[in-house]
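Have a look at the structure below, then the notes.
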Amino acid sequence: MQLTTETVRTAVLAALAEDQSADDVTTRWSVPAALQVEATMIAKQPGRVGGLPAVQGVYAAIDPTVTMRPAVADGDSVLPGQPLAWITGAAHSIITGERVALNFVQRMSGIATLTSAFVAAIGARPARSGCSTPARPRPVSGPWTSTP
């Protein structure tokens with residue numbers, strides 16, 4: 001399944017609103033407004049990459065002058081210390097989007113890594129994937145169980 005630009009944009013805007021980082025007083029106070037930097041997003045452990053389009057979306061929403069150059073593509077395997085992307089632009093903008101960008105990459109890379117492990121475990125066995133999301137909400141019969 002491919003993510004649409006609109007889906008990414010909607011998720012990014014919701015995450016940025018929740019993060020409330022639009023006017024980070026600490027960044028504004030401690031980082032010179034004109035400071036331009038290049039940040040490197042680095043893998044902390046082995047796995048599969050996911051979420052780079054969301055990182056691009058985060059910085060496009062915060063500051064369209066920030067550029068992101070991916071070092072890998074979604075789905076690629078990475079090792080600890082391997083660069084995922086380089087992000088260049090105003091330090092204020094990069095710091096403002098850092099938490100949300102990393103949240104997307106960490107969550108989506110975790111899902112990609114676990115999915116890859118399941119695919120490897122299945123191997124060549126005949127298997128099919130079914131939809132894992134219910135078409136409608138189900139009533140909850142207790143705090144930890146749901147009724148069929």
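Please report the carbon-and-sulfur percent of the accessible area for the chain; probe 1.4 Å, protein heavy atoms only, DNA, RNA and ligands left out.
60 percent
Counting heavy atoms of the protein chains only and a 1.4 Å probe, report the per residue accessible area for the chain as a whole number of Å². Could the numbers behind the result be given before it?
Numbers: 10290 Å² over 148 residues.
About 70 Å² of surface per residue is accessible.
Just need the relative contact order of the range 47-110 here, percent rounded to a whole number, with Cα pairs under 8 Å and 6+ apart.
Numbers: 92 pairs, mean separation 32.0, N = 64.
Averaging sequence separation for qualifying contacts and normalising by length gives 50 percent for the range 47-110.
Select one label from (i) 27; (ii) 33; (iii) 40: the one whose number is percent of Cα pairs over 26 Å apart as derived from the coordinates shown.
Matching entry in (i) 27; (ii) 33; (iii) 40: (iii).
Determine ³J(HN,Hα), in whole Hz, for all residues of the range 46-52 in sequence, where each value follows from phi through the Karplus function 6.51 cos²θ - 1.76 cosθ + 1.60 and θ = phi - 60°; x replaces Gly and Pro.
Along the range 46-52, the couplings run x, x, 10, 8, x, x, 4 Hz.
If you place +1 on the Cβ of every Lys and Arg, -1 on the Cβ of every Asp and Glu, and leave all else neutral, what size is the dipole of the chain about its Cα centre, to the nearest 20 Debye? Please list the in-between numbers first.
Details: 11 positive and 10 negative charges, 147 e Å.
Value, rounded to 20: 700 debye.
Can you compute the modelled spin-label distance between GLU6 and VAL37, with each label point 7 Å from Cα toward Cβ, in nm?
3.6 nm
Could you calculate the FRET efficiency of ILE111 with ARG28 from 1/(1 + (r/R0)^6), where r is the beta carbon distance between them and R0 is 35 Å, rounded to 0.05?
Working: r = 34 Å, r/R0 = 0.97.
Approximately 0.55, to the nearest 0.05.
The values are calculated or read from the model by the stated rules, or taken from the named source; none is laboratory data. Since we're looking at a predicted model, the values are computed, not measured. Using ideal geometry, Cβ is built from the backbone for each residue, glycine included, and neighbour counts are taken over all protein chains shown. Only protein heavy atoms, including side chains, enter the accessible area calculation; ligands, DNA and RNA are left aside. Shrake-Rupley method; radii C 1.70, N 1.55, O 1.52, S 1.80 Å.
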